[in-house]
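Colleague: Input: one structure, supplied below.
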Amino acid sequence: MSIQIENKIIGKDRPVFIIAEIGVNHEGDFETCKKMVVESARAGADAIKLQTVDADENYVEGTFSWTLFRTCALTKEETAEIFRITRDLGMVPFTTSPDVHTLKWVNDDCDAPVHKISSGMMTNDIIIRETAKMGRPVLISTGLGTTEQIDHAVKVARDAGCLDNLALFQCTSQYPVEHDKINLATMKWMADRYGVMTGFSDHTKGIEAPMVATTLGAVMIEKHVTLTPGRQVEIGGQMMDFDHHIGLDFDEFAAMVEGVRRAENMTFDQICEEIPTAKAMVGEGERFVPEEIQKQAAGMSRCLVARQTIKAGDVLTTDNIGLKRPFPDNRGMEPFMYDRIMGMTASSEMDVDTPVKEKNVKELNSSPSNKLAV
């Protein structure tokens, strides 16, 4: 079992595929991002990963996420140039694209060789399906996902045609996370359950966890990087550190790469002699999401909202219905309802970014027998 991404092959008999996650730690500055790509290559990364987020397509205006991601976006042209520079340096460029509009231009204009789906998108059937239909390898992070949600996401991806080019990351969505919360045995549990290759997306401090994950069979390691550890910026009246606080500087990342390459030739017992916390990292194996993370996931997931002003009697279409993260405690219907309501009729007027609920859809509130739980 293996996945080829440009000149790299991911598989159990291959070197671990090491990803420098730049994310949005460039803060929207092209030159900073370019420097981070160059430093990633110097440090020995196989790939770099960005987050390419259209704030207007993903977040309700006025939310903190909307404010944040408007400040740290690269343009289409800058993103394409970063992809070109990355390839010239012998690495694989890719990104997460959480809306269909962004996904399409990243796929087409940047010729993205692989796509990443963040764990916050695990309930978003639309983005999973459309990503899988691109025909490129798909990597899914599971940090916010329960077993049932991972089951569903894998099924959606496979039903859309992503059969042999699918891989999963074990991840714990805490920033940072302690060694005894990362449950590395889940990698094997997922590999057995879904018949896929698995890796580790690391939010711990330091370089030890990726080394231990390697001895436990990880074929991919993803780790945040930064030029400015500890940096904070005031955005929207709040102090924000992006992911600088969990990122390695590039000397540390180079040390991690060296450590992973060394761990490729070590057993778990041998790594335990070197890293005292190694056994605590293993965990129970079966997927477990702490209650506090499940609450976090509920607040981060998308719901149906109006993309434009909708009048009573308007037909609901992909042009006027979107999927966004709303204000807390004002959710619309869940993403699985998106396809179901296409072609139905609005029963009331909705302003832009209004969460779309059953009561707003004529066919869903016309009779008790038609009502669907949200």
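The values are calculated or read from the model by the stated rules, or taken from the named source; none is laboratory data. This structure is a prediction, so every number in the text was calculated from the model and none was measured. Cβ atoms come from the backbone with ideal geometry, glycine included; neighbour counts cover every protein chain shown.
Colleague: Within segment 165-177, which residues are in a loop (DSSP other than H, G, I, E, B) and either under 15 Å from T198 (Cβ atoms) or of a type in the set (A, V, I, L, M) (or both)?
Modeller: The answer is N165, C171, T172, V177.
Colleague: Could I ask something else about it? Kindly list, by first and then second residue, each pair from a residue in segment 1-13 that is more than 14 Å from L168 (Cα to Cα) to a residue that is part of a strand (DSSP E or B) and of a type in the set (G, A, S), limited to pairs with Cβ atoms under 6 Å and residues at least 6 apart or on different chains.
Modeller: Pairs found: I9/S2.
Colleague: If you don't mind, another one. Whether any residue in segment 309-323 is part of a loop (DSSP other than H, G, I, E, B), modelled with pLDDT of 95 or more, among the basic types (K, R) and farther than 30 Å from T198 by Cα is what I want to check.
Modeller: Yes, because at least one residue in segment 309-323 is part of a loop (DSSP other than H, G, I, E, B), modelled with pLDDT of 95 or more, among the basic types (K, R) and farther than 30 Å from T198 by Cα.
Colleague: Tell me, yes or no, whether segment 68-78 has at least one residue that is modelled with pLDDT under 95, crowded, with 17+ Cβ neighbours inside 10 Å and touching a strand residue (DSSP E or B) at 6+ places or on another chain (Cβ under 6 Å).
Modeller: Looking for residues that are modelled with pLDDT under 95, crowded, with 17+ Cβ neighbours inside 10 Å and touching a strand residue (DSSP E or B) at 6+ places or on another chain (Cβ under 6 Å), one finds at least one in segment 68-78, hence yes.
Colleague: Here is a follow-up. So which of P210, P176 is surrounded by 22 or more Cβ atoms within 10 Å (Cβ to Cβ) and closer than 19 Å to I275 by Cα?
Modeller: Going through P210, P176 in turn, just one is surrounded by 22 or more Cβ atoms within 10 Å (Cβ to Cβ) and closer than 19 Å to I275 by Cα: P210.
Colleague: Just to verify a result, which residue in segment 243-264, among those that are within 11 Å of V225 (Cα to Cα) and touching a Gly at 6+ places or on another chain (Cβ under 7 Å), is surrounded by the most Cβ atoms within 10 Å (Cβ to Cβ)?
Modeller: If we take residues in segment 243-264 being within 11 Å of V225 (Cα to Cα) and touching a Gly at 6+ places or on another chain (Cβ under 7 Å), then H244 is surrounded by the most Cβ atoms within 10 Å (Cβ to Cβ).
Colleague: Quick one: would you say Q238 is surrounded by fewer than 17 Cβ atoms within 10 Å (Cβ to Cβ), out of contact with any Leu (no Cβ under 7 Å at 6 or more places or on another chain) and closer than 30 Å to V37 by Cβ?
Modeller: yes
Colleague: Still on this model: Just need a number here: residues in segment 69-108 that are within 17 Å of the chain's Cα centre (by Cα) and under 25 Å from D241 (Cα atoms).
Modeller: Selection size over segment 69-108: 11.
Colleague: Tell me the residue from G28, G62 that is surrounded by fewer than 24 Cβ atoms within 10 Å (Cβ to Cβ), of a type outside the set (A, V, I, L, M, F, W, C) and modelled with pLDDT of 95 or more, please.
Modeller: G28
Colleague: Being touching a residue at least 12 places away in the same chain (Cβ under 8 Å) and touching a strand residue (DSSP E or B) at 6+ places or on another chain (Cβ under 8 Å) narrows it down to one of T147, T95, T102, so name that one.
Modeller: That would be T95, the only listed residue that is touching a residue at least 12 places away in the same chain (Cβ under 8 Å) and touching a strand residue (DSSP E or B) at 6+ places or on another chain (Cβ under 8 Å).
Results for (1) part of a loop (DSSP other than H, G, I, E, B); (2) in contact with a helix residue (DSSP H, G or I) (Cβ under 8 Å, 6 or more places away or on another chain), shown as yes or no for each residue.
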site: I140; (1), (2): no, yes
site: G143; (1), (2): yes, yes
site: E148; (1), (2): no, no
site: K155; (1), (2): no, no
site: R158; (1), (2): no, yes
site: L163; (1), (2): yes, no
site: N183; (1), (2): yes, yes
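Here's the yes/no breakdown for (1) buried (at least 20 other Cβ atoms within 10 Å of the Cβ); (2) within 17 Å of the chain's Cα centre (by Cα):
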{"site": "S141", "(1), (2)": "yes, yes"}
{"site": "E148", "(1), (2)": "no, no"}
{"site": "A157", "(1), (2)": "yes, yes"}
{"site": "T172", "(1), (2)": "yes, yes"}
{"site": "L184", "(1), (2)": "yes, no"}
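Colleague: Related question: Taking the conditions exactly as written (under 29 Å from I321 (Cβ atoms) and of a type outside the set (A, V, I, L, M, F, W, C)), does N58 satisfy them or not?
Modeller: When the stated conditions are applied, N58 passes them.
Colleague: Could you grab me the full set of residues in segment 109-134 that are touching a residue at least 60 places away in the same chain (Cβ under 8 Å), aliphatic (A, V, I, L, M), buried (at least 21 other Cβ atoms within 10 Å of the Cβ) and not in a loop (DSSP other than H, G, I, E, B)?
Modeller: M121, I127
Colleague: Restricting to segment 185-209, count the residues that are part of a helix (DSSP H, G or I), among the charged types (D, E, K, R) and closer than 19 Å to I140 by Cα.
Modeller: 3
Colleague: Scan D329, D339 and give me the residue that is surrounded by fewer than 16 Cβ atoms within 10 Å (Cβ to Cβ), out of contact with any Asp or Glu (no Cβ under 7 Å at 6 or more places or on another chain), in a loop (DSSP other than H, G, I, E, B) and at pLDDT below 95.
Modeller: The match here is D329.
Colleague: Being within 25 Å of V260 (Cα to Cα), among the small types (G, A, S) and in the same structural domain as E258 (by TED's automatic domain parsing) narrows it down to one of A80, A55, A45, so name that one.
Modeller: Unique residue meeting the criteria: A45.
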